[in-house]
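Take a look at the structure set out below.
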Amino acid sequence: DGVIYKKIGNKFYKRQFENNTISLDWFSPTKDGLTDDAPVFQKAVDFLKLIRGGILVVSSGNYAISHVDFFGKEYSNIKIIGVNATIIQKNNGAKVVISGCPLPTFARFNASDGIFCFDANLSNQTTDENSIKNIKIKGFTFISDIVNDKFDELSHQISMHGVSDVEISDCKFIGFLGDGIAITRGRENAGYRNAYNKDVKVLNCFFDGINNDNRQGVSFYYCD
């Protein structure tokens, strides 16, 4: 219902917060760099979706993350701020060959996937009317294990399809398997395709692929 409650004994307490700003710590992440904190992260961004946007503060720590999904324009107006926070790509299981992609991959989809995966679930748009809008990501270090996990064409650190007014700033992208940031034509070859991407800014970020076994720091497939 848009309210966070905590039960102590037989009483319920309402969490007070201002300016739609919440902390990931409220959702009890492990921060051990090994346990998948993606479900915790997903609960936090889903809460921001419920209250129609806000700020998620991610405190210092190592967060193992498989995938956090932002599917649909309801994930607009979200700002995610890291405070010396490191996101470590957690790949659950081995690479597999999926339909529509000839190479083994950790990805769930046959065109693009990401640790943070944005998709407006639209096709063939010419305006950003129904895009995911006003997204800010700041202050994170994203790390993938390119040495051991090796090249993965479809597995990016941030993947976006159908977004506008995006700013990614003051982040580090290390050892990406595919791209550090991919602004794409879609996550499925036969699914939603060619939604409209517009006004994506990458500011003061650092990219280090570690070796040559990856794609690009940033890819723009389709964007004004």
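The values are calculated or read from the model by the stated rules, or taken from the named source; none is laboratory data. Not measured: the values here are computed from a predicted model. Please note: Cβ atoms are built from the backbone with ideal geometry, for glycine as well, and neighbour counts cover all protein chains shown. We work out accessible area using only protein heavy atoms, side chains counted, and drop any ligands, DNA or RNA first. Shrake-Rupley method; radii C 1.70, N 1.55, O 1.52, S 1.80 Å.
A182 meets all of the listed conditions (1) under 14 Å from R215 (Cα atoms); (2) without any contact (Cβ under 8 Å) to a residue 60 or more places away in the chain; (3) of a type in the set (A, V, I, L, M, F, W, C) but one, namely (2). F71 meets all of the listed conditions (1) over 21 Å from D213 (Cβ atoms); (2) open to solvent by less than 50 Å² (accessible area, probe 1.4 Å) but one, namely (2). Criterion applied to S23, S28, S59, S76 was being within 27 Å of I146 (Cα to Cα) and out of contact with any His (no Cβ under 9 Å at 6 or more places or on another chain), and the one residue passing it is S59.
Is it the case that the range 128-135 has a residue that's aliphatic (A, V, I, L, M), out of contact with any Ser or Thr (no Cβ under 8 Å at 6 or more places or on another chain) and modelled with pLDDT of 95 or more? No, because not a single residue in the range 128-135 is aliphatic (A, V, I, L, M), out of contact with any Ser or Thr (no Cβ under 8 Å at 6 or more places or on another chain) and modelled with pLDDT of 95 or more.
Restricting N194, N204, N189, N214 to residues that are of a type in the set (S, T, N, Q), open to solvent by 10 Å² or more (accessible area, probe 1.4 Å) and under 17 Å from I115 (Cα atoms) narrows the list to N214. Considered as a group, the residues in the range 7-35 that are hydroxyl-bearing (S, T, Y) and within 21 Å of A64 (Cβ to Cβ) include one that is most open to solvent (accessible area, probe 1.4 Å), and that residue is S28. Figure legend. Inter-residue proximity from the range 8-19: first residues closer than 15 Å to V57 by Cα, second residues surrounded by 10 or more Cβ atoms within 10 Å (Cβ to Cβ) and among the β-branched types (V, I, T), beta-carbon distance below 6 Å, spacing 6+ or different chains. No pairs are indicated. Residues that are open to solvent by less than 50 Å² (accessible area, probe 1.4 Å), part of a loop (DSSP other than H, G, I, E, B) and among the hydroxyl-bearing types (S, T, Y) within the range 99-116 comprise just one, S112.
Looking at D119, D199, just one residue is of a type in the set (D, E, K, R) and crowded, with 24+ Cβ neighbours inside 10 Å, and that residue is D119.
Please enumerate the residues belonging to the range 77-98 that are in a strand (DSSP E or B) and charged (D, E, K, R). Talk me through it step by step, then tell me what you get.
We begin by selecting, within the range 77-98, every residue in a strand (DSSP E or B); these are 78-89, 96.
Hit for the range 77-98 is K79, nothing else.
Scan the range 50-65 and tell me whether some residue there is open to solvent by less than 40 Å² (accessible area, probe 1.4 Å), modelled with pLDDT under 95 and aliphatic (A, V, I, L, M). Yes, some residue in the range 50-65 is open to solvent by less than 40 Å² (accessible area, probe 1.4 Å), modelled with pLDDT under 95 and aliphatic (A, V, I, L, M).
So in the range 117-139, with the set limited to residues that are part of a loop (DSSP other than H, G, I, E, B) and not polar (S, T, N, Q), which one is nearest to the chain's Cα centre (by Cα)? Only one residue tops the list, namely A120.
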